[in-house]
Amino acid sequence: MHCSKCAKQAVFQDPTLCKQHFFSYFEKKVKDTIKQFSLLKKSDNVVVAVSGGKDSLTVLYLLQKFGYDVTALAIDEGIENYRDNTLEDMKKFCNEHNIVFKIVAFKKETGKTLDQVPIEGSRCTYCGTIRRTLLNKYAKGFDKIATGHNADDESQAVLMNFFKAQTSLLHRAGPISEKKKGFVQKIKPLYFCTEKEIMAFSFLKGIQTNFVECPYAHFSYRGLVRDILNKETSAAKRKQQLLKSSIAIAHHLEQKETASFLCIKCKSPTKNEQVCKACSLAEEQV
Ligand code: SF4
């Protein structure tokens with residue numbers, strides 16, 4: 001099959017493009033998101049939350065390529081035979097691209113690795129809460145936190161919020177978080193890029209990743225929602241529609257999340273508790 005823009009062999013379908021035209025298409029999509037939603041200023045100092053997967057390394061690669069000042073930050077949850085491998089990928093990538101790489105470990109911050117926490121079934125709620133808190137804590141001093149969330153992740157999140165009747169979270173939709181006191185603003189430059197596009201881009205660019213999934217991922221509710229969404233015959237189109245609808249809804253919702261207190265233990269912002277959610281979860285596991 002030939003590229004829809006030239007006579008060369010296509011390497012990607014939907015849209016059908018050769019390697020060079022696919023790179024241009026993909027990079028333009030990310031640049032357009034940055035511009036349309038005012039994700040970054042040229043002077044911004046950005047910390048990229050890296051997991052070693054294709055998404056976060058693609059964000060890191062592109063933001064550096066676009067000329068932003070980037071630092072990579074990884075959270076080491078302490079998941080044996082998984083995080084240790086991905087940390088190696090990240091180190092190698094950052095060395096090759098001359099990017100400062102920092103690691104923050106659950107073990108050092110909470111006293112336990114994720115593997116050592118005695119939770120039955122899904123560990124994702126615990127893991128996600130601690131990770132978000134540590135990310136914000138160690139992103140202090142940066143202008144933005146960039147993450148590798150893509151169109152698949154985000155459309156799953158929207159559906160999960162509906163399925164769980166968490167309507168108060170719907171205002172979070174969109175590629176940039178609201179400005180909140182005590183929180184570094186988060187941006188998602190790959191918000192409209194599908195997993196398939198990112199996989200193709202990272203592969204064709206030679207961005208090497210382990211392609212391993214976290215061993216706890218199959219316990220998660222997200223996995224179920226992902227399967228439901230992917231069964232749709234026109235899944236790619238539906239995901240984009242879901243994202244656009246959720247952004248439109250978010251604009252009409254009143255922002256109810258406020259953080260007016262500082263946690264007495266870690267000094268992170270909390271809504272109205274003395275101890276933040278991450279510290280109370282960590283305490284429960286002692
Ligand atoms: Fe943490 Fe769950 Fe993600 Fe694994 S799948 S890294 S446990 S949030």
Inset, instruction - Just report the Cα centroid separation between region 29-71 and region 260-282, whole Å. - result: 29 Å
Inset, instruction - Can you figure out the FRET efficiency of residue 218 with residue 107, using R₀ = 30 Å and their beta-carbon distance, to the nearest 0.05? - result: 0.80
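State whether region 131-277 is rounded, prolate or oblate according to the following rule on the C-alpha gyration tensor (a ≥ b ≥ c being the square roots of its eigenvalues): a/c under 1.5 gives rounded; otherwise a/b larger than b/c gives prolate, and the remaining case gives oblate.
prolate
Which value, in Å to one decimal place, does the Kirkwood hydrodynamic radius take for region 1-56 when every pair of different Cα atoms is included? Please report the intermediate quantities before stating the final value.
Numbers: mean 1/r = 0.0746 Å⁻¹.
Evaluated over region 1-56, this radius sits at 13.4 Å.
In what sequence, largest accessible area first, do 57, 169 appear using a 1.4 Å probe?
Numbers: 57 0, 169 40 Å².
Ranked list, largest accessible area first: 169, 57.
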Legend entry - Separation of the residue 45 and residue 96 label points, Cα + 7 Å toward Cβ, nm: 2.8 nm
Legend entry - Solvent accessible area, Å² - residue 275, 1.4 Å probe, full protein context: 40 Å²
Legend entry - the chain, relative contact order in percent, only Cα pairs under 8 angstrom and at least six apart counted: 20 percent
Legend entry - Residues of type aspartates and glutamates that residue 54 reaches as a straight line, Cα spacing below 12 Å, ignoring anything fewer than 8 places off in the same chain: 89, 195, 197, 213
Inset, instruction - Describe numerically, in nm with one decimal, the distance between label points set 7 Å from Cα along Cα→Cβ at residue 180 and at residue 31. - result: 3.3 nm
Legend entry - Distance histogram in 5 Å bins (all Cα pairs of region 60-101, percent per bin): 5, 22, 28, 21, 14, 7, 3, 0
Inset, instruction - Could you check which residue among 143, 115, 14 shows the biggest mean-square fluctuation in a GNM of the chain with a 10 Å Cα cutoff? - result: 14
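Of 102/137; 35/205; 65/91; 41/179; 29/239, which sit over 20 Å apart, Cα to Cα? Kindly include the intermediate steps, with their values, before the conclusion.
Numbers: 102/137 13 Å; 35/205 23 Å; 65/91 18 Å; 41/179 15 Å; 29/239 16 Å.
Exceeds cut-off: 35/205.
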Legend entry - Straight-distance crosslink candidates among lysines, where the alpha carbon sits under 17 Å from residue 8 and sequence neighbours closer than 8 are dropped: 19
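In deg cm²/dmol and to the nearest 500, what is the mean residue ellipticity at 222 nm of the chain if only DSSP H runs of at least 4 residues count, each as -39500 (n - 2.57), divided by the residue total? Walk me through the numbers before you get to the answer.
On the way: 10 runs with 125 residues, N = 286.
It lands at -13500 deg cm²/dmol.
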Inset, instruction - Arrange the residues 231, 239 by how much accessible surface each exposes, largest first, with a 1.4 angstrom probe. - result: 231, 239
Legend entry - Part-to-part distance (alpha-carbon centres) for region 1-25 and region 130-175, which is given in Å: 32 Å
Inset, instruction - In a Gaussian network model over the chain where Cα atoms closer than 10 Å are linked, find which of 93, 183, 261 has the largest mean-square fluctuation. - result: 261
Inset, instruction - Please arrange 11, 30 by accessible surface area, largest first, computed with a 1.4 Å probe and ligands excluded. - result: 11, 30
Legend entry - Candidates 245, 268, 51, ranked by Gaussian network fluctuation over the chain, Cα under 10 Å, top entry: 245
Legend entry - Values of log10 I(q)/I(0), in the order q = 0.13, 0.15 Å⁻¹, for the chain under a Debye, Cα-only, solvent-free model: -0.98, -1.35
Legend entry - Pair residue 199, residue 228: separation of 7 Å Cα→Cβ label points (nm): 2.2 nm
Inset, instruction - Quick one: work out the % antiparallel among DSSP beta bridges in the chain, nearest 5. - result: 20 percent
Inset, instruction - Could you pull the Rg and Dmax for region 1-133, using just the Cα atoms, both in Å? - result: 18.6, 59
Legend entry - Shape category assigned to region 66-224 from the gyration tensor of Cα positions, a/c cut at 1.5: rounded
Inset, instruction - Specify whether the C-alpha gyration tensor of region 180-252 places it in the rounded, prolate or oblate class, a ≥ b ≥ c being the square roots of the eigenvalues: rounded for a/c under 1.5, otherwise prolate if a/b is larger than b/c and oblate if not. - result: rounded
Inset, instruction - Write down Rg/Rh for region 38-83, rounded to two decimals, with Rg from the C-alpha atoms and Rh from the Kirkwood relation over Cα pairs. - result: 1.06
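Pop out the carbon and sulfur fraction of the accessible area of the chain as a percent, whole number, probe 1.4 Å. Don't skip to the answer; put the middle values down first.
Numbers: 8050 of 15350 Å².
Its accessible area is 52 percent carbon and sulfur atoms.
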Inset, instruction - Among 190, 106, 94, flag the residue with its Cα farthest along the positive direction of the charge dipole of the chain, charges on Cβ as +1 for Lys/Arg and -1 for Asp/Glu. - result: 190
Legend entry - Residues residue 247 and residue 163, FRET efficiency given R0 of 25 Å [Cβ-Cβ distance, rounded to 0.05]: 0.85
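The values are calculated or read from the model by the stated rules, or taken from the named source; none is laboratory data. Quantities reported herein were computed from a predicted structural model and do not represent experimental measurements. Note: ideal-geometry Cβ built from the backbone for every residue, glycine included; neighbour counts use all protein chains shown. Surface areas here come from the heavy atoms of the whole protein model, side chains and all, with no ligands, DNA or RNA. Shrake-Rupley method; radii C 1.70, N 1.55, O 1.52, S 1.80 Å.
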